[in-house]
Amino acid sequence: MADDVRSLSAELAGDPQSLVFVRLGELLRQRRQFDAAARVALHGLERHPHLADAHDLYARILADQRDFERAFDEWDMTLRIAPQHTGALKGLAFLYFTVGDLAQAERHLEAARAAAPDDPSLEQAFLMIRGGAPPPAARAAEVDGGAAEPVQALPEARVFAGLEGANEGLLLLDSAGLVLGGALRSPGGEDVAVAVAAYLAGVSQEATRTAKLLGLGEWRGLAAEGPGGHIYLTLPAEDAMLLVVRERAVPLGRLAMLAQRAGQAARRWLERQR
Amino acid sequence: MNAVAFGRALEQVTQVRGVRGAMLVSGQDGLVVAEQLMEGLRGPAVAALAASLSSRLSRAMGAAGLGIGQFWHLQCEGGALLVVPAASGLLVVAVADPEVNVGLVRLELLRAAEVAR
């Protein structure tokens, strides 16, 4: 395999426009050299921004690095370019599975099967989804039927297991402002979950009062920009709030999408606890 | 800063399609400083609620180490409340329909906040 990498690297160096970067990036990904694989994929994307396989490759690398949010975006882009791309359909199925949206996961697998009825890895993926088995932790691409390696299950106890940034910047709290799950650190690294949760109880009550008194109906989300980052607050259940915090580089619209996915995970977790 | 300049700044906000009204509010006590509202919107109520929510949100964002909020947007089934705090302590507030172009309203609110600084 090392020879393959050397040979493909040489080929790419000789012809930077070559599509061989897709094979090279995939080889590096399989060797778990994710930084090198990402560099190859990004250089390839600069030259071939409309190549579906290049976006698919980069999505796999991101998924292997557990950056599921960006992997979602890349697979979404892949499907915009090539709506029948089975790799992207299976990748998105995996991501939906990780957040507990089994209906969407199955829908994407069905679309993949329609596009590639002879793909043996699909049956395995269907079994995993229908059986409710835990998804692979960081080997999203193995949904694609590649060289399987032992995988580690995601810890079910974590509310946001499987979501990008699950260990920080996602906070689930009850209506009284007590933390139910997730974690939150300030940009300086200080654990601020309890303090922020306490303040957010007041924010939620005031948002409810404001929406009601102004005749705006139920509130669905509260987005805010700050110099140190952006936040999005939403209500995944009647008696629970979900806070998503991300750095300023993440646009509010994308934050809302992440909050939607995290909300689904939170609802499933809350149902299991009841 | 005079009432004419405030009025012009608010007019730019209300010209965005879907905006039902805009106002300048004292962030400290929730009183109306200037307003351009469609009929049926209760200015004093909007001002008081926006100031209260802004204050609570600022505390939460401060606790999170994110600094003072620069823009916030309450999304509701039947509309939205959008707020930009100005350096002077005033809040520039807009009430809008649910399908309003939020990005455009945000820009106009930021411009109005510059006038109100």
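The values are calculated or read from the model by the stated rules, or taken from the named source; none is laboratory data. This structure is a prediction, so every number in the text was calculated from the model and none was measured. Every residue, glycine as well, gets a Cβ built from its backbone with ideal geometry; the counts of neighbours run over all protein chains shown.
Scan the range A:208-215 and give yes if some residue there is of a type outside the set (Gly, Ala, Ser), more than 7 Å from every other protein chain (Cβ to nearest Cβ) and in a strand (DSSP E or B), otherwise no.
no
Can you pull out every residue in the range A:184-197 that is surrounded by fewer than 19 Cβ atoms within 10 Å (Cβ to Cβ) and either more than 8 Å from chain B (Cβ to nearest Cβ) or of a type in the set (D, E, K, R) (or both)?
A:Arg185, A:Gly189, A:Glu190, A:Asp191, A:Val194
Any residue in the range A:24-32 that is of a type in the set (A, V, I, L, M), assigned to a loop (DSSP other than H, G, I, E, B) and in the same structural domain as A:Leu127 (by TED's automatic domain parsing)?
As a first pass, look at the range A:24-32 and keep what is of a type in the set (A, V, I, L, M): A:24, A:27-28.
Among the residues that remain, those that are also assigned to a loop (DSSP other than H, G, I, E, B) are: none.
No, because not a single residue in the range A:24-32 is of a type in the set (A, V, I, L, M), assigned to a loop (DSSP other than H, G, I, E, B) and in the same structural domain as A:Leu127 (by TED's automatic domain parsing).
For A:Glu74, are the conditions met, namely being over 27 Å from A:Arg268 (Cβ atoms), assigned by TED's automatic domain parsing to the domain that holds A:Arg130 and part of a helix (DSSP H, G or I)? If you could, list the steps in order and put the result at the bottom.
Numbers: over 27 Å from A:Arg268 (Cβ atoms): no; assigned by TED's automatic domain parsing to the domain that holds A:Arg130: yes; part of a helix (DSSP H, G or I): yes.
Against the criterion (over 27 Å from A:Arg268 (Cβ atoms), assigned by TED's automatic domain parsing to the domain that holds A:Arg130 and part of a helix (DSSP H, G or I)), A:Glu74 does not qualify.
Per-residue answers, yes or no, for (1) among the aromatic types (Phe, Trp, Tyr); (2) outside any strand (DSSP E or B); (3) surrounded by fewer than 24 Cβ atoms within 10 Å (Cβ to Cβ):
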site: B:Glu35; (1), (2), (3): no, no, yes
site: B:Leu57; (1), (2), (3): no, yes, no
site: B:Gly65; (1), (2), (3): no, yes, yes
site: B:Leu107; (1), (2), (3): no, yes, yes
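Which numbered condition trips up B:Ala48, out of (1) facing chain A (nearest Cβ under 8 Å); (2) over 21 Å from B:Arg117 (Cβ atoms); (3) in a helix (DSSP H, G or I)?
(1)
Give the residues of the range B:51-65 that are over 18 Å from A:Ala256 (Cα atoms) and at the interface with chain A (Cβ under 7 Å from one of its Cβ atoms), sorted by residue number. Before the answer, list the steps.
Let us first name the residues in the range B:51-65 that are over 18 Å from A:Ala256 (Cα atoms), namely B:51-56, B:58-60, B:62-65.
Passing the criteria: B:Ser52, B:Leu53, B:Arg56, B:Arg59, B:Ala60, B:Ala63, B:Ala64, B:Gly65.
Right, B:Gly89: exposed (fewer than 15 other Cβ atoms within 10 Å of the Cβ), in contact with a strand residue (DSSP E or B) (Cβ under 9 Å, 6 or more places away or on another chain) and in contact (Cβ under 8 Å) with a residue 60 or more places away in the chain or not? Steps first, please.
Numbers: exposed (fewer than 15 other Cβ atoms within 10 Å of the Cβ): yes; in contact with a strand residue (DSSP E or B) (Cβ under 9 Å, 6 or more places away or on another chain): yes; in contact (Cβ under 8 Å) with a residue 60 or more places away in the chain: yes.
Yes.
Considering each residue of the range B:18-32, count those that are closer than 13 Å to B:Gly89 by Cα and of a type in the set (Val, Ile, Thr), and give that number.
Step one: filter the range B:18-32 for residues closer than 13 Å to B:Gly89 by Cα, giving B:24-32.
When the remaining residues are screened for being of a type in the set (Val, Ile, Thr), the result is B:25, B:32.
Within the range B:18-32, residues that are closer than 13 Å to B:Gly89 by Cα and of a type in the set (Val, Ile, Thr) number 2.
Criterion first (in contact with a Gly (Cβ under 9 Å, 6 or more places away or on another chain), more than 22 Å from B:Leu109 (Cβ to Cβ), assigned to a helix (DSSP H, G or I) and of a type in the set (Gly, Ala, Ser)) does A:Ala198 satisfy it? Outline the logic, then answer.
Details: in contact with a Gly (Cβ under 9 Å, 6 or more places away or on another chain): yes; more than 22 Å from B:Leu109 (Cβ to Cβ): yes; assigned to a helix (DSSP H, G or I): yes; of a type in the set (Gly, Ala, Ser): yes.
For A:Ala198, the condition - in contact with a Gly (Cβ under 9 Å, 6 or more places away or on another chain), more than 22 Å from B:Leu109 (Cβ to Cβ), assigned to a helix (DSSP H, G or I) and of a type in the set (Gly, Ala, Ser) - is met.
What residue, of A:Leu12, A:Leu51, A:Leu79, is closer than 27 Å to A:Ala259 by Cβ and among the hydrophobic types (A, V, I, L, M, F, W, C)?
Values: A:Leu12 fails: closer than 27 Å to A:Ala259 by Cβ; A:Leu51 fails: closer than 27 Å to A:Ala259 by Cβ.
After applying the criteria, what remains is A:Leu79.
Mind listing whichever residues of the range A:212-236 are under 31 Å from the mean Cα position of the chain (by Cα), under 16 Å from B:Val83 (Cα atoms) and hydrophobic (A, V, I, L, M, F, W, C)?
A:Trp219, A:Leu222, A:Ala223, A:Ala224, A:Ile231, A:Leu233
Of a type in the set (Gly, Ala, Ser), over 30 Å from A:Leu171 (Cα atoms) and more than 11 Å from chain A (Cβ to nearest Cβ): does that describe B:Ala94? Please lay out each step first, then the result.
On the way: of a type in the set (Gly, Ala, Ser): yes; over 30 Å from A:Leu171 (Cα atoms): no; more than 11 Å from chain A (Cβ to nearest Cβ): yes.
Against the criterion (of a type in the set (Gly, Ala, Ser), over 30 Å from A:Leu171 (Cα atoms) and more than 11 Å from chain A (Cβ to nearest Cβ)), B:Ala94 does not qualify.
Just checking, which of A:Glu26, A:Glu69 is modelled with pLDDT under 90, crowded, with 17+ Cβ neighbours inside 10 Å and in contact with a helix residue (DSSP H, G or I) (Cβ under 7 Å, 6 or more places away or on another chain)? If you could, list the steps in order and put the result at the bottom.
Numbers: A:Glu26 fails: modelled with pLDDT under 90.
A:Glu69 is the lone residue from the list that is modelled with pLDDT under 90, crowded, with 17+ Cβ neighbours inside 10 Å and in contact with a helix residue (DSSP H, G or I) (Cβ under 7 Å, 6 or more places away or on another chain).
Say we look at the range A:216-242 and pick out the residues that are of a type in the set (Asp, Glu) and more than 26 Å from B:Gly40 (Cβ to Cβ); which of these is farthest from the other protein chains (Cβ to nearest Cβ)?
Of the residues in the range A:216-242, the ones of a type in the set (Asp, Glu) are A:218, A:225, A:238-239.
This time we only want the ones that are more than 26 Å from B:Gly40 (Cβ to Cβ), so: A:225, A:238-239.
On the way: A:Glu225: 5, A:Glu238: 15, A:Asp239: 19 Å.
My answer is A:Asp239.
Yes or no: A:Val245 more than 7 Å from chain B (Cβ to nearest Cβ) and under 28 Å from A:Ala71 (Cβ atoms)?
Judged against the criteria, A:Val245 is not a match.
Taking A:Leu270 and the conditions (1) in contact with a Gly (Cβ under 8 Å, 6 or more places away or on another chain); (2) over 29 Å from B:Val93 (Cβ atoms); (3) not in a loop (DSSP other than H, G, I, E, B), which numbered condition does it fall short on, given that it satisfies the others?
A:Leu270 satisfies every listed condition except (1).
If I ask for residues that are of a type in the set (Lys, Arg) and at negative phi, which ones from the range A:56-105 would you list?
Going residue by residue through the range A:56-105, those that are of a type in the set (Lys, Arg) are A:60, A:66, A:70, A:80, A:90.
Across the range A:56-105, the qualifying residues are A:Arg60, A:Arg70, A:Arg80, A:Lys90.
Please go through (1) β-branched (Val, Ile, Thr); (2) facing another protein chain (nearest Cβ under 7 Å); (3) not in a helix (DSSP H, G or I) for B:Val83 and return the number of the only condition it doesn't satisfy.
Answer for B:Val83: the failing condition is (2).
Which of the residues that make up the range A:112-125 are more than 20 Å from the chain's Cα centre (by Cα) and either assigned to a loop (DSSP other than H, G, I, E, B) or not basic (Lys, Arg) (or both)?
Narrowing the range A:112-125 to residues more than 20 Å from the chain's Cα centre (by Cα): A:113-124.
Within the range A:112-125, A:Ala114, A:Ala115, A:Ala116, A:Pro117, A:Asp118, A:Asp119, A:Pro120, A:Ser121, A:Leu122, A:Glu123, A:Gln124 meet the criteria.
Mind listing whichever residues of the range B:4-25 are in contact with a helix residue (DSSP H, G or I) (Cβ under 7 Å, 6 or more places away or on another chain) and of a type in the set (S, T, N, Q)?
Selection gives B:Gln12 alone.
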